[in-house]
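Engineer: One structure follows; several queries about it will come next.
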Amino acid sequence: MTVPLKFQDVTLGYDRHPAVHHLTGEVAPGSLLAVVGPNGAGKSTLFRGLVGLLKPLAGSISTGGLDRRGIAYLPQIADIDRSFPISVFDFASTGLWRTVGPFGGIGKAARKRIAQAIAAVGLTGFENRSIGTLSGGQMQRMLFARVLLQDARVIVLDEPFNAMDASTSADLLRLVEHWHQEGRTVVAALHDLDMVRGHFPQTLLLAREPVAWGATAEVLSADNLAQARRMCEAFDETARTCVPDQLPSRAA
């Protein structure tokens, strides 16, 4: 990917009620960007818009000509149906669907790639386990294996380290940093501000509206974090329905 991801006065929401308002900005190719904010700040909504699962109420999101099927997306564990009868190996193999199709055969070379991805996330020996038997950390490792197999230039991670032990977080953070070193664009929603400060050079602070976007040390100031909390606490869940063509135009 040689052109940036672009958000142009984007508003996203559900049933015409906005959850993210008036976001404008660019994510340069090869960026390692953290998206942070209080609970309910709109981070997951923003990611659903970025990967094409949610159409903007207003404004536009440009992926620079990249087919959204070519964006690797790691959702929150809560979004995965763990009762579905599928093994770790078969679930991870869905990361190859873009190249072999959902009904394509998994040949010897593909099976080797799947085994290597599972090994890379520390799940060797779990290949035949049902996903419903996995712990939270093991589930997250499996999701990372699927992302590895997608081999995408843009990787979107929604709370990839949430409720995870320190060892698992460290292992998976090394994968994220490896992707960044390869020149891939990585955008991750995170809660651990110490992790953000230590490993993510760029940060977007979101509170349904953008509070700040830029160098992490500047964005995560005490004043900005306090403002984000106030903005989310003041949000009115009973606000009137959003009418897109009545939205004012405003840059972030």
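Engineer: Would you be able to say whether some residue in segment 128-140 is closer than 26 Å to R69 by Cα, at pLDDT 95 or above and of a type in the set (D, E, K, R)?
Structural biologist: Checked against the condition, which is being closer than 26 Å to R69 by Cα, at pLDDT 95 or above and of a type in the set (D, E, K, R), segment 128-140 yields no hits at all.
Engineer: Which of the residues belonging to segment 124-136 are in contact (Cβ under 8 Å) with a residue 12 or more places away in the chain and under 14 Å from I80 (Cβ atoms)?
Structural biologist: Those that are in contact (Cβ under 8 Å) with a residue 12 or more places away in the chain and under 14 Å from I80 (Cβ atoms): S130, I131, G132, L134, G136.
Engineer: Now a separate question. Out of segment 30-57, which residues are within 23 Å of L225 (Cβ to Cβ) and β-branched (V, I, T)?
Structural biologist: Selection gives V35, V36, T45.
Engineer: How do the pairs read when you match residues in segment 158-172 that are at positive phi with residues anywhere that are surrounded by 21 or more Cβ atoms within 10 Å (Cβ to Cβ), using Cβ under 7 Å and keeping only pairs 6 or more apart or on different chains?
Structural biologist: From segment 158-172, the pairs are E159/A189.
Engineer: Out of the residues in segment 24-49 that are among the aliphatic types (A, V, I, L, M) and in contact with a Leu (Cβ under 7 Å, 6 or more places away or on another chain), which is farthest from V176 (Cα to Cα)?
Structural biologist: Checking each candidate, the answer is A41.
Engineer: Would you confirm whether or not segment 47-56 contains a residue that is under 21 Å from P4 (Cβ atoms) and aromatic (F, W, Y)?
Structural biologist: yes
Engineer: Kindly indicate whether L23 is under 17 Å from L157 (Cα atoms) and either touching a residue at least 60 places away in the same chain (Cβ under 8 Å) or not assigned by TED's automatic domain parsing to the domain that holds F161 (or both).
Structural biologist: For L23, the condition - under 17 Å from L157 (Cα atoms) and either touching a residue at least 60 places away in the same chain (Cβ under 8 Å) or not assigned by TED's automatic domain parsing to the domain that holds F161 (or both) - is not met.
Engineer: Could I ask something else about it? Would you mind listing the helices (runs of 4 or more DSSP H) fully within segment 34-134 where at least 3 residues are of a type in the set (D, E, K, R)?
Structural biologist: Once the helices (runs of 4 or more DSSP H) in segment 34-134 are filtered for at least 3 residues that are of a type in the set (D, E, K, R), what remains is 108-120.
Engineer: What do you reckon, is V27 touching a Gly at 6+ places or on another chain (Cβ under 6 Å), within 30 Å of R230 (Cβ to Cβ) and not hydroxyl-bearing (S, T, Y)?
Structural biologist: Spelling it out, it is not the case that V27 is touching a Gly at 6+ places or on another chain (Cβ under 6 Å), within 30 Å of R230 (Cβ to Cβ) and not hydroxyl-bearing (S, T, Y).
The values are calculated or read from the model by the stated rules, or taken from the named source; none is laboratory data. Everything numeric here is computed off the predicted structure, so don't read it as measured data. All Cβ positions, glycine included, derive from the backbone under ideal geometry; neighbour counts span all protein chains shown.
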